[in-house]
Amino acid sequence: ESTTSAESIKTSDTDTIRYLSEPLITDHFTADPSAHVFDGKIYIYPSHDIPSEAQEDDTGAQYDMKDYHVYSMDSPNGTVKDHGEVLHVSDVPWAAQQMWAPDAAQKGDKYYLYFPAKDNEGIFRLGVAVADHPAGPFKPQADPIKGSFSMDPAVFEDSDGQHYIYWGGIWGGQLQKWRTGKYLSTGHSPFADEPADNEPAIAPQVAKLSGDMLEFGEKPRDILIVDQQGDPIKAGDHDRRFFEAAWVHKLGDTYYFSYSTGDTHTISYATGDNPYGPFTYQGIILEPVQGWTNHHSIVKVDNQWYIFYHDTQISGKNYLRNIKMAPLTHNADGSIQTITPMEE
Ligand code: FUB
């Protein structure tokens, strides 16, 4: 168990907040934190980073995770409880390796863990595991979600109780390999199969979940992210195009689609008036953190919004990360104040 401390310095009422926050967990490496309030408590579903013997490469082989732990906190920045391992790759019949960024959802008295992993052919699929308690243990389905591909699932429950699953990631996340609807085995380079720079960027994916939460309830749809003029963000626009780490939250009637821009390292956001988009690009929520990846979740606890994210403060290594949290502020006009992480 660990206790955290944090400090923020606001530079103005509406722009950037510089924020210094401490790792939430120090005895394991953790990343990609998906946080939710279930049964009045904050539960965090992160990736569990481990030192790897896999050769580091552009597909992210060094992100060689094998299991998930669940963590909880009674209040923001409170004591973090580790509920232990809740799912291991060896328990998942279809999964071979790389348990990447997960998320969780609640429906009725059941809890669902959504996770990506590579199957025996080296293709990323999305899996589901079910539990009676938010902290598991989670029992995996025998097969991946039918028709699933790529990684980084995130589940959003709309105000009417309908759950939507968002996912996808380019390069090592393989989304570019599904542009034709079939897996393109045109080579191992994660940079093959991308659109030309002046073409629309590869689209993140969304589908309603089925009533039993175990399958897509409809054919996956592309999410269109457009600029302020309504033109699709282009593949060459690395400052704004979707890379990975989709997340959706809702404030009033506005749906906020946030994501990592990958090689430009920000968490950016776009807004829309329904769960499918199109979403209009608005700006940066979180400036680059220490380390290559940037991956977050956004959750309201009582009356305050928080962003959970990670950096590499403890290890200094891209694939050995530590999760953190910081308050997040929406301005009166709906825009989100940019957070600039401060380093020690
Ligand atoms: O943790 C492995 C991968 O790194 C995640 O799936 C990506 O979002 C990036 O954070």
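Would you look at the GNM of the chain, springs on alpha carbons closer than 10 Å, and say which of D74, D143, D160 moves the most? Among D74, D143, D160, the largest mean-square fluctuation in the Gaussian network model of the chain belongs to D160.
Peptide packing: for 43-49, 215-221, 233-239, 285-291, the average count of neighbouring Cβ atoms within 10 Å per residue gives the ranking 43-49, 285-291, 233-239, 215-221, highest mean first. DSSP assigns beta bridges within region 208-335; of those with both partners inside it, close to 95 percent run antiparallel. For the chain, the Kirkwood estimate of hydrodynamic radius, built from reciprocal distances between every pair of different alpha carbons, is 19.9 Å. Quick one: of K250/K317; K182/K234; K107/K146, which pairs are farther than 27 Å apart, Cα to Cα? Violating the 27 Å Cα-Cα cut-off are K250/K317. Solvent-accessible area assigned to carbon and sulfur over region 84-195 amounts to 48 percent, based on a 1.4 Å probe.
Could you tell me what fraction of 2.2 N^0.38 Å the Cα radius of gyration of region 95-233 comes to, as a two-decimal ratio?
This ratio for region 95-233 stands at 1.10.
Provide the gained length on full extension for the span R18 to R221, in nm with one decimal, where the gain is 0.36 nm per separating residue minus the Cα-Cα distance.
Numbers: separation 203, 0.36 × 203 = 73.08 nm, distance 3.65 nm.
Going from the current span to full extension adds 69.4 nm.
Charge tally around E199: other residues with Cβ under 14 Å, Lys/Arg +1 each, Asp/Glu -1 each, net -3. Which of these, G173, G136, G161, has the largest mean-square fluctuation under a Gaussian network model of the chain (Cα springs below 10 Å)? Fluctuation is largest for G161.
Taking a ≥ b ≥ c as the square roots of the eigenvalues of the Cα gyration tensor of region 64-169, is the shape rounded (a/c under 1.5), prolate (a/b larger than b/c) or oblate?
Working: a/c = 1.76, a/b = 1.28, b/c = 1.37.
The shape class here is oblate.
The slack between H133 and T186, meaning 0.36 nm per residue of separation minus the straight C-alpha distance, is 14.8 nm.
In whole percent, what relative contact order does region 95-202 give with Cα contacts below 8 Å and a gap of six or more residues? Show your work: numbers first, answer last.
Numbers: 210 pairs, mean separation 19.8, N = 108.
Worked out over region 95-202, it gives 18 percent.
Just checking the listed ones, T271, T59, T261: in the Gaussian network model of the chain with Cα springs under 10 Å, the one fluctuating most is T59. Each part gets one Cα centre, and for region 164-205 versus region 270-344 those centres are 24 Å apart.
Rg/Rh for region 199-344 to two decimals, with Rh computed the Kirkwood way over all alpha-carbon pairs. For region 199-344, the value is 0.97.
Once the Cα gyration tensor of region 166-248 is found, what semi-axes does its equivalent ellipsoid get, as square roots of 5 times the eigenvalues, in whole Å, sorted largest first? Could you put the intermediate results ahead of the total?
On the way: eigenvalues 100, 65, 22 Å².
Each semi-axis is √(5λ); the values are 22, 18, 10 Å.
With the simple spin-label model, which puts each label point 7 Å out from Cα in the Cβ direction, the K110 to D74 separation comes to 3.2 nm. Taking a Cβ cut-off of under 9 Å around I339, the surrounding Lys, Arg, Asp and Glu residues balance to a net charge of 0, with basic ones at +1 and acidic ones at -1. Surface analysis of the chain yields an accessible area of 40 Å² per residue, using protein heavy atoms and a 1.4 Å probe.
In whole percent, how big is the carbon plus sulfur part of the accessible area of region 238-344, probe 1.4 Å, protein atoms only? Provide the component values of the computation, followed by the final result.
Values: 1530 of 3560 Å².
Of the solvent-accessible surface of region 238-344, carbon and sulfur hold 43 percent.
Charge dipole of region 120-234 (Cα centre as origin; +1 on each Lys and Arg Cβ, -1 on each Asp and Glu Cβ, all else neutral): 360 debye, rounded to the nearest 20.
The values are calculated or read from the model by the stated rules, or taken from the named source; none is laboratory data. What you are looking at is a predicted structure, and each value in this text was computed from that prediction instead of being measured. All Cβ positions, even for glycine, are placed from backbone atoms using ideal geometry, and neighbour counts span all protein chains on display. What goes into the accessible areas is simple: the full protein's heavy atoms, side chains included, and nothing from ligands, DNA or RNA. Shrake-Rupley method; radii C 1.70, N 1.55, O 1.52, S 1.80 Å.
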